[in-house]
Each structure stands twice: as structure tokens, then as C-alpha cells.
Amino acid sequence: MPDGRSEPSDQALLCLAQQLGDVLRINGLLLATAESCTGGWIGQAVTAVPGSSAWYDRGFITYSNPAKQQMLCVQSATLKTYGAVSEQTAREMVQGALKMSAAQVAVAVTGIAGPDGGSVQKPVGTVCFGWIVKDQILNSATCLFKGDRETIRRQAVTTGLQGTLDLLQSYSQLA
């Protein structure tokens, strides 16, 4: 995962998306994405790969809380208790992406890319992720990225893709 010291290039994102696509295709799995602060950038990265229609089902861009609730079944109590930027919300987003799609694998991302919107508890650069495979393996994480809005979002895309790839590799070992 990125450490905040270097910004991944467009070519690096494309290579990572290609690797993810190869693993999904080999395993006969479809991917769904649920994105807030990245605004569909993960979906853009995977659809930049030729032939991605064979392994990418759909993406949900749920920037507002009502969109997260309506499209991904995020509970209002979760948003009220933990906030939109929380692992709890990311976990509900990723579960909702599976439920509302034909995919067996999903990634969710929600965060504060800045330059405003941060707090002492959740500063700018706080990004929460959720990953799931076949409603069996569910992981989540929170990262604190440094940099401007573009850099934070780019690091979030990289982490979302790499985390999905890592989870699939763990899943393949278990299967």
C-alpha cells in the first residue's frame, strides 16, 4: 500500500488494474466498486483495461449520505453513529455493492480528500476502505494519506485496487 511518499502514476494504476483483472478473469469473478471520495476513479482505472467488461460488473458513485443509503443500503444509524468516513460505513458500502450487483468481489472507499472537511479526529487524508469476496471474506482498513486532494485520491485508488488484489490472493489460497 502507498506510504504517502510517492504518487502512483497513471501507468502504475493501469498495471495494477490489469493485474486485478487477470486474477478476476482467471477465477471467473466479477468486480463491483462503491466509491465516495474517489468519485469513480477506481471504476475508471479498471475500465481503462481492454476487455474489462469480462470481469467488471458496475460501479456506484455515492458521494452523498442519501446516495450511500439508497444505492448501497448503508444504515442511517451507521452514518449517524460513525460518520460517512468510517470503516463501519465502508463495510456496509462494500456489502451493499455485492447485494446490488451481480459481482462476487467488491471494493468500497470513503474519505476526506480535502482541502477542507477534516477534523482533529478525522483529518484531511483519512480514507476508509472495505473489501469483500463472495460475502465470505470481509476486510476493512483506514489510511491517513498526505498530500493535496489529487494525491490523496490517487493514493486511495491505488490502495483500493491493491487491497482487492491482496484479498483475492488470500481467497485463492483458501479455496
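The values are calculated or read from the model by the stated rules, or taken from the named source; none is laboratory data. Note that the coordinates shown come from a computational prediction; the quantities given were computed from them, not determined experimentally. Ideal geometry is used to build each Cβ from the backbone, glycine not excepted, and the neighbour counts take in all protein chains shown. With ligands, DNA and RNA removed, areas are computed over all heavy atoms of the protein, side chains included. Shrake-Rupley method; radii C 1.70, N 1.55, O 1.52, S 1.80 Å.
Can you go through Ala67, Ala84 and tell me which one is open to solvent by less than 70 Å² (accessible area, probe 1.4 Å) and outside any helix (DSSP H, G or I)?
Ala84
For the list (1) aliphatic (A, V, I, L, M); (2) open to solvent by 50 Å² or more (accessible area, probe 1.4 Å); (3) closer than 18 Å to Ala34 by Cβ, I need the number of the one condition that Leu144 fails.
Looking at each condition in turn, Leu144 falls short on (3).
Considering each residue of region 147-158, count those that are among the charged types (D, E, K, R) and in a loop (DSSP other than H, G, I, E, B), and give that number. If you could, list the steps in order and put the result at the bottom.
So the first thing to find is which residues in region 147-158 are among the charged types (D, E, K, R), and the list is 148-150, 153-154.
Filter once more, keeping what is in a loop (DSSP other than H, G, I, E, B): 148.
Residues that pass the stated criteria total 1.
Assuming Ala77 fulfils every condition listed in (1) without any contact (Cβ under 8 Å) to a residue 40 or more places away in the chain; (2) among the small types (Gly, Ala, Ser); (3) more than 17 Å from Val105 (Cα to Cα); (4) open to solvent by less than 20 Å² (accessible area, probe 1.4 Å) apart from one, which condition is it?
(4)
For region 39-62, state whether one or more residues are part of a helix (DSSP H, G or I), charged (D, E, K, R) and without any contact (Cβ under 8 Å) to a residue 60 or more places away in the chain.
No, because not a single residue in region 39-62 is part of a helix (DSSP H, G or I), charged (D, E, K, R) and without any contact (Cβ under 8 Å) to a residue 60 or more places away in the chain.
Tally time: how many residues in region 99-133 are assigned to a loop (DSSP other than H, G, I, E, B) and under 16 Å from the mean Cα position of the chain (by Cα)? Outline the logic, then answer.
In the first step, residues of region 99-133 are kept if they are assigned to a loop (DSSP other than H, G, I, E, B); the result is 100-104, 112-125.
Still in the list and also under 16 Å from the mean Cα position of the chain (by Cα): 100-101, 103-104, 112-113, 125.
Total satisfying the criteria: 7.
How many of the residues in region 159-169 are farther than 13 Å from Ala108 by Cβ and either open to solvent by less than 20 Å² (accessible area, probe 1.4 Å) or not in a helix (DSSP H, G or I) (or both)?
Residues flagged as farther than 13 Å from Ala108 by Cβ and either open to solvent by less than 20 Å² (accessible area, probe 1.4 Å) or not in a helix (DSSP H, G or I) (or both) within region 159-169 amount to 2.
Taking region 96-120, which residues are out of contact with any Leu (no Cβ under 7 Å at 6 or more places or on another chain), touching a residue at least 24 places away in the same chain (Cβ under 8 Å) and open to solvent by 10 Å² or more (accessible area, probe 1.4 Å)?
So in region 96-120, the residues out of contact with any Leu (no Cβ under 7 Å at 6 or more places or on another chain) come out as 98-99, 101, 107-120.
Imposing the further condition that a residue be touching a residue at least 24 places away in the same chain (Cβ under 8 Å) reduces the set to 98-99, 101, 107-115.
Hits for region 96-120 are Leu98, Lys99, Ser101, Gly111, Ile112, Pro115.
Exactly one condition in (1) more than 14 Å from the chain's Cα centre (by Cα); (2) more than 15 Å from Gly130 (Cβ to Cβ); (3) not acidic (Asp, Glu) is not met by Leu79; state its number.
Against the list (1) more than 14 Å from the chain's Cα centre (by Cα); (2) more than 15 Å from Gly130 (Cβ to Cβ); (3) not acidic (Asp, Glu), Leu79 comes up short only on (2).
Could you check, for region 8-31, whether at least one of its residues is surrounded by 17 or more Cβ atoms within 10 Å (Cβ to Cβ) and modelled with pLDDT under 95?
yes
Mind listing whichever residues of region 54-64 are open to solvent by less than 80 Å² (accessible area, probe 1.4 Å) and hydroxyl-bearing (Ser, Thr, Tyr)?
If the condition is that a residue be open to solvent by less than 80 Å² (accessible area, probe 1.4 Å) and hydroxyl-bearing (Ser, Thr, Tyr), then Tyr56, Thr62, Ser64 are the ones that fit.
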